[in-house]
Amino acid sequence: MSAPAQPFTTVDCDLAVAHWGAYEISRGGPAPALAPWREDRDPSPIGLSMLDAYRSPLRIQRPAVRKGWLDGRRRSGRGEEPFVEVSWETALELVAGELRRVTAAHGNQAIFGGSYGWSSAGRFHHAQSQVHRFLNALGGYVRHTDSYSLGAGRVVTPHIVADLDELKDSHTSWEVLARHTRLFVTFGGVVTKNAQVNAGGAMTHFAPGGLEALSANGCKFVHIGPVRADLPLPDASVEWVPIRPNTDTAVMLALAHEVLVHNLQDDAFLQKYTTGLEKWKPYVLGASDGVAKTPAWAEAISGMPAARIASLARELAATRSLVNVSWSLQRADHGEQPFWACIALAALLGQVGLPGGGFGIGYGPANVMGSPYEKIPGPTFSQGRNAVSAFIPCARIADLLLHPNETFDYNGSPRVYPDIRLVYWAGGNPFHHHQDLHRLVQAWARPEVVICHEQVWNFHAKMADIVLPATSTLERDDLGFSSRESLLVAMRKLEQAPGEARDDYDIFADLSQRLGVAEVFTEGRTSAQWLRQIYGSWADKMRERGQAVPDYDAFWQAGAVRLPLSTKPAVMLHEFRADPQAHPLKTPSGRIELFSERVAAFGYEDCPGFAKWFEPAEWLGAAKAKQYPLHMLSDQPLTKLHSQLDFSSYSRSKKIAGREPVVISTADAAARGIADGDIVRVFNDRGSCLAGAVVSDGILAGVVKLSTGAWWDPERAGDASLPDRHGNPNTLTRDAGASRLSQGCSAQTCLVQVEKYRGAVPAMRAYEPPEFAQP
Ligand SMILES: Nc1nc2c(c(=O)[nH]1)N[C@H]1C(S)=C(S)[C@@H](COP(=O)(O)OP(=O)(O)OC[C@H]3O[C@@H](n4cnc5c(=O)[nH]c(N)nc54)[C@H](O)[C@@H]3O)O[C@H]1N2
Ligand SMILES: Nc1nc2c(c(=O)[nH]1)N[C@H]1C(S)=C(S)[C@@H](COP(=O)(O)OP(=O)(O)OC[C@H]3O[C@@H](n4cnc5c(=O)[nH]c(N)nc54)[C@H](O)[C@@H]3O)O[C@H]1N2
Ligand SMILES: [Mo]
């Protein structure tokens with residue numbers, strides 16, 4: 001990949017930007033069209049059908065209110081009743097009235113405005129930022145912390161090495177890896193289907209080319225995980241070692257054990273850059289608990305042959321090696337442990353901070369990891385200040401609504417769930433993303449009103465009381481920027497929005513007028529004026545760094561500004577390695593903590609002071625596996641971003657009889673009389689869903705994989721005895737925090753059973769708008 005022009009000069013182009021890519025617009029002809037951006041050597045197909053999708057009849061045309069809610073049945077009937085379409089005037093008066101009523105009667109801590117979700121690309125019209133700024137202008141709201149992506153990981157890594165956002169943005173570039181890394185050991189693959197996206201827009205895709213370059217330079221890959229396709233390189237350069245889901249920590253501990261017993265550790269590194277080995281080592285060797293974490297011990301847990309664990313430990317120590325973990329590993333019960341064990345193992349090997357050595361926290365989950373571009377600040381839109389201090393870890397949303405005033409633990413302190421009366425959501429889809437969806441339905445029956453801004457009639461919109469139609473990125477002007485990407489893009493409007501859909505900003509500007517906080521929310525600016533202002537302050541910041549940056553009009557007219565490649569090779573933690581006194585880590589000791597006094601002092605039995613193996617609540621070694629013998633992975637979907645564009649022609653072209661595909665091993669399929677293409681029922685105690693079987697030799701027996709993203713289509717919401725007709729894995733997942741430390745999402749800890757579906761396959765309703773009624 002080459003960057004033809006100088007950084008910070010304009011680029012003549014006309015691009016649409018989405019999280020999954022930049023696409024060239026052709027505006028001539030009878031209708032506009034999108035094509036891959038010519039500088040992108042691996043464009044994502046996801047965006048090619050987005051223009052059509054955003055014109056779908058599933059777009060919400062007018063504001064709508066649930067009929068029962070209008071009739072005074074506030075809490076009952078959500079998801080079951082027809083909607084009444086109303087004018088914007090009526091809808092906004094209802095919303096303003098509810099905000100006035102709830103804040104007056106219960107205070108702002110009765111509003112949940114966390115509103116988790118990816119929204120759309122574009123730095124200004126980012127729905128979640130808009131809703132936060134609006135609610136802050138009103139006096140605040142109960143927010144969320146962390147992410148579903150990195151719940152356990154984000155909380156634990158600051159205690160042991162560094163903030164995860166910092167690490168994410170400072171990964172060693174693919175180019176440096178290709179030159180130096182000889183052995184790449186990865187837990188959970190390098191899933192290039194996931195590197196299609198970057199929050200804010202992947203302008204040019206790096207991961208497929210990066211992997212190929214590594215492989216062409218002779219780097220050897222050891223891919224430890226249940227799914228072969230997670231490392232999309234040819235068999236010649238990949239050794240696939242399938243292991244049972246959620247057992248990676250055991251394998252890492254056994255690798256550490258081998259390193260220690262054969263004295264392969266880097267003592268000089270450990271002494272200078274780490275603390276706590278003396279507290280962790282007795283556990284690894286078994287002196288403290290009587291169980292040595294030997295290869296044989298790990299084989300019994302994970303299924304990885306002991307001899308291979310032993311030889312791999314030697315190989316890791318003998319050459320320039322990198323140990324990588326996918327983020328999925330920590331989206332599990334005790335999800336803190338695999339990240340901690342990975343970092344601790346890399347510290348023993350002593351290659352942290354060297355080019356091509358050490359650890360990677362996710363080559364694969366997003367385009368940014370491995371980028372050759374410089375990290376520079378992007379254009380920002382302030383969310384204002386939140387006067388309410390109460391928060392929840394994002395994946396505790398159902399607990400929040402079901403258990404007001406109850407206490408929970410989080411990162412060292414007990415906290416209390418506030419009593420929520422009003423839920424405001426814009427730019428996320430909890431009825432796709434949260435675990436145990438039938439339980440979420442019970443939780444959703446608690447608040448007095450649920451307000452949402454949506455583009456489409458998905459199940460989340462159908463579960464709200466007041467639904468306000470929002471525009472898509474193709475229907476508004478915006479600024480496209482994402483960390484360590486090649487361009488800052490002028491996202492110029494392409495189409496008229498359907499029906500009466502409005503920009504989130506305009507909706508909130510109108511509401512803030514009605515509520516007397518317009519000056520605080522809008523600062524007197526239209527969205528066009530905001531774009532100019534946001535770009536202007538970014539350009540000023542760049543000029544302070546000595547860059548000549550085009551002014552707004554030149555930028556807007558050209559279509560983009562080129563951003564700089566790194567001038568120095570990007571190597572994670574190299575400054576710390578070069579001079580740990582001048583560049584200490586932000587951990588209490590300034591070093592990598594193999595034992596954390598701080599975490600130990602929290603006293604959590606489920607997250608002690610060092611990396612430890614815990615049996616997950618559900619796994620193939622659990623007693624429950626007798627009843628539900630398959631471990632279900634619910635990974636990120638190949639053909640879309642979460643539930644966004646699930647209804648596009650591209651996403652639908654990969655479904656099986658309209659249902660989401662579930663990958664099952666040849667042995668498990670044969671044992672159940674299931675053939676490729678059959679409709680199956682996936683079930684456990686929490687619910688059931690239909691899916692289309694894909695029979696494969698590329699998945700470990702005992703494991704099935706059902707990607708997230710299918711719009712939830714329950715026969716009756718809240719009734720777990722009836723199936724979801726479409727295949728959303730969150731019908732089946734556990735809704736429990738990873739530990740008392742992080743309370744992170746633990747979706748990957750889930751046992752199920754699968755059977756061939758023998759009845760008449762029910763018709764799907766997922767892609768139908770709700771019924772409409774007269775007032
Ligand atoms: N079982 C299981 N569950 C998971 C995961 C898993 O691995 N397994 N992964 C989790 C992870 S990591 C994540 S990040 C979440 C993702 O969960 P979400 O981020 O909630 O998923 P999206 O489908 O991207 O939801 C975005 C919603 O915003 C709407 N939207 C888009 N643009 C706009 C806009 O401009 N304005 C408004 N008002 N709305 C807009 C879209 O229509 C869509 O409904 O899912 C989590 N859930
Ligand atoms: N196309 C596309 N790309 C995306 C997204 C999307 O929705 N669509 N979502 C984005 C978001 S928000 C995020 S957070 C990232 C998430 O990035 P990740 O969390 O890394 O992605 P997943 O697809 O959930 O999981 C990656 C692989 O891990 C494997 N795996 C699961 N559990 C285990 C385990 O216990 N051990 C081992 N060894 N392997 C396991 C699964 O086979 C799975 O294919 O992806 C991002 N990229
Ligand atoms: Mo995520």
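Hey, does the stretch 101-116 have a residue that's of a type in the set (Phe, Trp, Tyr), surrounded by 23 or more Cβ atoms within 10 Å (Cβ to Cβ) and within 16 Å of ligand 1 (Cβ to nearest atom)?
From the stretch 101-116, those of a type in the set (Phe, Trp, Tyr) are 112, 116; that's our starting set.
Filter again for surrounded by 23 or more Cβ atoms within 10 Å (Cβ to Cβ), leaving 112.
Okay, now just the ones that are also within 16 Å of ligand 1 (Cβ to nearest atom), so 112.
Yes - at least one qualifying residue is present in the stretch 101-116.
When you check residue 736 against the structure, is it among the aliphatic types (A, V, I, L, M) and either within 30 Å of residue 410 (Cα to Cα) or surrounded by fewer than 23 Cβ atoms within 10 Å (Cβ to Cβ) (or both), yes or no? Let's see the steps before the verdict.
Working: among the aliphatic types (A, V, I, L, M): yes; either within 30 Å of residue 410 (Cα to Cα) or surrounded by fewer than 23 Cβ atoms within 10 Å (Cβ to Cβ) (or both): yes.
Yes; evaluated as a whole, the condition is true for this residue.
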Counting only residues that are buried (at least 24 other Cβ atoms within 10 Å of the Cβ) and within 16 Å of ligand 2 (Cβ to nearest atom), the stretch 127-141 contains a total of 1
All but one of (1) assigned by TED's automatic domain parsing to the domain that holds residue 410; (2) crowded, with 19+ Cβ neighbours inside 10 Å hold for residue 80; which doesn't? (2)
Unmet criterion (only one of (1) under 27 Å from residue 365 (Cα atoms); (2) open to solvent by 20 Å² or more (accessible area, probe 1.4 Å); (3) outside any helix (DSSP H, G or I)) for residue 243: (2)
Determine whether the stretch 289-310 contains at least one residue that is under 32 Å from the mean Cα position of the chain (by Cα), closer than 17 Å to residue 162 by Cα and part of a helix (DSSP H, G or I). no
Being buried (at least 22 other Cβ atoms within 10 Å of the Cβ) and assigned to a helix (DSSP H, G or I) is the filter; apply it to the stretch 40-77 and report the residue that is nearest to the chain's Cα centre (by Cα). 46
Against the definition (over 30 Å from the mean Cα position of the chain (by Cα) and closer than 30 Å to residue 492 by Cα), how does residue 89 come out, yes or no? yes
Which one is nearest to ligand 1 (Cβ to nearest atom) among residues in the stretch 624-653 that are open to solvent by less than 20 Å² (accessible area, probe 1.4 Å) and of a type in the set (A, V, I, L, M, F, W, C)? 641
In the stretch 85-138, how many residues are among the aromatic types (Phe, Trp, Tyr) and assigned to a helix (DSSP H, G or I)? 2
Filter result for the condition that a residue is modelled with pLDDT of 95 or more and over 19 Å from residue 500 (Cβ atoms), over 70, 94, 34: 34
If you take the residues of the stretch 145-163 that are open to solvent by 10 Å² or more (accessible area, probe 1.4 Å) and within 15 Å of ligand 2 (Cβ to nearest atom), which of them is farthest from residue 475 (Cα to Cα)? 154
If I ask for residues that are touching a Pro at 6+ places or on another chain (Cβ under 6 Å) and either modelled with pLDDT under 95 or open to solvent by less than 10 Å² (accessible area, probe 1.4 Å) (or both), which ones from the stretch 671-698 would you list? 688, 689, 690, 692
Hey, could you check the stretch 204-237 for residues that are over 29 Å from residue 23 (Cβ atoms) and surrounded by 20 or more Cβ atoms within 10 Å (Cβ to Cβ) and say which is farthest from ligand 3 (Cβ to nearest atom)? 219
All helices (runs of 4 or more DSSP H) inside the stretch 144-203 with 2 or more residues being closer than 24 Å to residue 425 by Cα, within 16 Å of ligand 3 (Cβ to nearest atom) and touching a Ser or Thr at 6+ places or on another chain (Cβ under 8 Å): 151-160
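Out of 635, 678, I need the residue that is touching a Lys or Arg at 6+ places or on another chain (Cβ under 9 Å), under 28 Å from residue 191 (Cα atoms) and either polar (S, T, N, Q) or within 16 Å of ligand 3 (Cβ to nearest atom) (or both). Which one? Even if it seems obvious, please write down each step before you answer.
Values: 678 fails: either polar (S, T, N, Q) or within 16 Å of ligand 3 (Cβ to nearest atom) (or both).
Result of the check over 635, 678: 635.
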Selection over the stretch 622-678 where residues are touching a strand residue (DSSP E or B) at 6+ places or on another chain (Cβ under 8 Å), without any contact (Cβ under 8 Å) to a residue 60 or more places away in the chain and among the hydrophobic types (A, V, I, L, M, F, W, C) yields a count of 3
Show the residue pairs that are 6+ apart or on different chains and have beta-carbon atoms under 7 Å apart, the first residue being within the stretch 530-558 and more than 25 Å from residue 504 (Cβ to Cβ), the second being of a type in the set (S, T, N, Q) and crowded, with 17+ Cβ neighbours inside 10 Å. 550/10; 554/10; 558/10
If I filter the stretch 525-545 for residues that are assigned to a loop (DSSP other than H, G, I, E, B) and buried (at least 16 other Cβ atoms within 10 Å of the Cβ), do I get at least one hit? no
Which of the residues belonging to the stretch 739-767 are touching a residue at least 24 places away in the same chain (Cβ under 8 Å) and open to solvent by 20 Å² or more (accessible area, probe 1.4 Å)? 740, 743, 753, 755, 756, 757, 761, 762, 763, 764, 765, 767
Is it true that residue 431 is within 16 Å of ligand 2 (Cβ to nearest atom), surrounded by 23 or more Cβ atoms within 10 Å (Cβ to Cβ) and either in contact (Cβ under 8 Å) with a residue 24 or more places away in the chain or among the hydroxyl-bearing types (Ser, Thr, Tyr) (or both)? yes
Those strands (runs of 3 or more DSSP E) completely within the stretch 452-521 that have 3 or more residues that are at pLDDT 95 or above and away from ligand 1 (no atom under 12 Å from the Cβ) are 487-491
Filter the stretch 469-500 down to the residues that are of a type in the set (Asp, Glu) and under 18 Å from residue 27 (Cβ atoms), then identify the one that is nearest to the chain's Cα centre (by Cα). 478
Boolean, residue 605 is within 28 Å of residue 297 (Cα to Cα), open to solvent by 50 Å² or more (accessible area, probe 1.4 Å) and touching a helix residue (DSSP H, G or I) at 6+ places or on another chain (Cβ under 9 Å): no
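Report whether or not residue 115 is touching a strand residue (DSSP E or B) at 6+ places or on another chain (Cβ under 7 Å) and on the phi > 0 side of the Ramachandran plot.
On the way: touching a strand residue (DSSP E or B) at 6+ places or on another chain (Cβ under 7 Å): yes; on the phi > 0 side of the Ramachandran plot: yes.
Judged against the criteria, residue 115 is a match.
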Can you name the condition, by its number, that residue 23 falls short on among (1) touching a Ser or Thr at 6+ places or on another chain (Cβ under 7 Å); (2) part of a strand (DSSP E or B)? (1)
For the stretch 328-362, how many residues meet the condition of being within 16 Å of ligand 2 (Cβ to nearest atom), modelled with pLDDT of 95 or more and not in a helix (DSSP H, G or I)? 8
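The values are calculated or read from the model by the stated rules, or taken from the named source; none is laboratory data. Quick caveat: nothing in here was measured; it's all calculated off a predicted structure. Reconstructed Cβ throughout: ideal geometry from the backbone, glycine too, with neighbour counts over all protein chains shown. We work out accessible area using only protein heavy atoms, side chains counted, and drop any ligands, DNA or RNA first. Shrake-Rupley method; radii C 1.70, N 1.55, O 1.52, S 1.80 Å.
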